[in-house]
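Have a look at the structure below, then the notes.
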Amino acid sequence: MLAVAAAKEHGEACSARKCGNTTISHPFWLPVWDTGRSCGSPEFEVSCRDNGTTPILLNSGAISLGFVIINIFYEEHSLHVVDRGKLELLHASSSCGLPMWNTSVKLGPRSWFRIAPVNMNLILYNCTKAAGAAALAQDRELVQTRMRCGDESEVFARAGGRYYETTDYGGGHEGCDAAVMPVLGTWAGEVNASDYERLISDGFLLTWQSPPTGNFTRQIKSSFHQRSWQTRTGRAFAWISLIRPSYQSWHSLIEDKAIDPKSSLVMANQR
């Protein structure tokens with residue numbers, strides 16, 4: 001009896017389960033609907049969508065639609081995800097009514113997750129029609145995208161350098177709202193804004209710190225309305241090996257080429 005009480009007090013780890021090709025295990029967890037209870041930290045809750053094929057990291061960020069999980073690397077505390085909100089913006093027939101937020105804001109102010117420094121920046125500018133024309137004339141690095149809201153506004157993309165190191169976003173453009181998002185970039189550590197569709201769809205890397213043990217029992221949150229979308233895998237799996245040199249053992253995950261362990265892109269994965 002005492003052992004059972006202690007387990008409930010400190011929170012019981014969830015059993016590993018599959019969602020599509022992804023194994024969901026501690027600290028991540030899938031809701032158990034028949035009990036109506038959770039067995040993990042709310043920030044690590046995963047919803048299995050699209051008839052059990054697509055894992056979504058729900059996260060506790062109030063404005064976040066969550067992140068599509070491409071793969072989880074448990075030993076390295078890292079995962080490859082795609083910003084679901086940016087996917088909807090990219091594939092929507094119209095951007096009207098779809099807000100653009102910095103991806104970092106979606107993680108919440110006290111998140112256990114952190115955007116890995118190996119990522120690059122892609123800046124999206126949502127401009128009025130007149131402001132967009134002026135911005136294009138002033139900034140030759142801006143790329144016009146197909147995302148727009150009729151004749152009211154249009155979205156432009158610009159490469160912004162390495163994540164956490166870039167402060168120059170090409171200057172503020174009057175009549176434009178900017179949103180910064182992490183992307184994987186190229187093998188050489190470059191971002192071509194003309195490839196904005198691929199960059200958004202390929203996603204980026206997150207790292208996490210393990211939450212403290214505790215009693216996380218609560219009612220399972222209401223499920224979101226299910227939507228169907230396609231996720232892309234491929235070359236982005238390789239980038240997880242760039243976070244720190246110890247990732248060399250992951251070369252078996254790389255389909256096309258191996259990462260040079262002496263690459264200048266190798267960084268420490270520290271919070």
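The values are calculated or read from the model by the stated rules, or taken from the named source; none is laboratory data. None of these values were measured; they are calculated from a predicted model. Note that we place each Cβ from the backbone using ideal geometry, even for glycine, and neighbour counts take in every protein chain shown.
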**Asked** Quick one: is residue 134 outside any helix (DSSP H, G or I), among the small types (Gly, Ala, Ser) and farther than 23 Å from residue 66 by Cα?
**Response** no
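Taking the residues in segment 187-196 that are touching a residue at least 40 places away in the same chain (Cβ under 8 Å) and part of a helix (DSSP H, G or I) as candidates, determine which candidate is nearest to residue 85 (Cα to Cα). Walk me through how you get there before you give the answer.
So in segment 187-196, the residues touching a residue at least 40 places away in the same chain (Cβ under 8 Å) come out as 187, 189-191, 193-194, 196.
Checking which are part of a helix (DSSP H, G or I) leaves us with 193-194, 196.
Numbers: 193: 19, 194: 20, 196: 15 Å.
The qualifying residue nearest to residue 85 (Cα to Cα) is 196.
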**Prompt:** Mind checking which residues of segment 1-45 are modelled with pLDDT under 80 and basic (Lys, Arg)?
**Reply:** 8, 37
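Identify the residue in segment 66-115 that is in a loop (DSSP other than H, G, I, E, B) and of a type in the set (D, E, K, R) and, among all such residues, is surrounded by the fewest Cβ atoms within 10 Å (Cβ to Cβ). If you could, list the steps in order and put the result at the bottom.
Here is the first cut: in segment 66-115, the residues in a loop (DSSP other than H, G, I, E, B) are 66, 74-77, 92-102, 107-112.
Checking the rest, the ones that are also of a type in the set (D, E, K, R) come to 75-76, 110.
Values: 75: 9, 76: 18, 110: 7.
Applying the filter and picking the extreme gives 110.
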**Asked** Before we move on, is residue 52 surrounded by fewer than 22 Cβ atoms within 10 Å (Cβ to Cβ), modelled with pLDDT under 85 and either in contact with a helix residue (DSSP H, G or I) (Cβ under 6 Å, 6 or more places away or on another chain) or not in a helix (DSSP H, G or I) (or both)?
**Response** no
**Complete:** With the first residue restricted to segment 45-64 and required to be over 26 Å from residue 97 (Cα atoms), and the second required to be β-branched (Val, Ile, Thr) and modelled with pLDDT of 90 or more, Cβ contacts under 8 Å at 6 or more apart or on different chains are 46/24; 46/56; 46/69; 48/24; 48/54; 48/56
**Message:** With surrounded by 21 or more Cβ atoms within 10 Å (Cβ to Cβ) and farther than 20 Å from residue 87 by Cβ as the only criterion, which of 136, 199, 184, 142 stands out?
**Reply:** 142
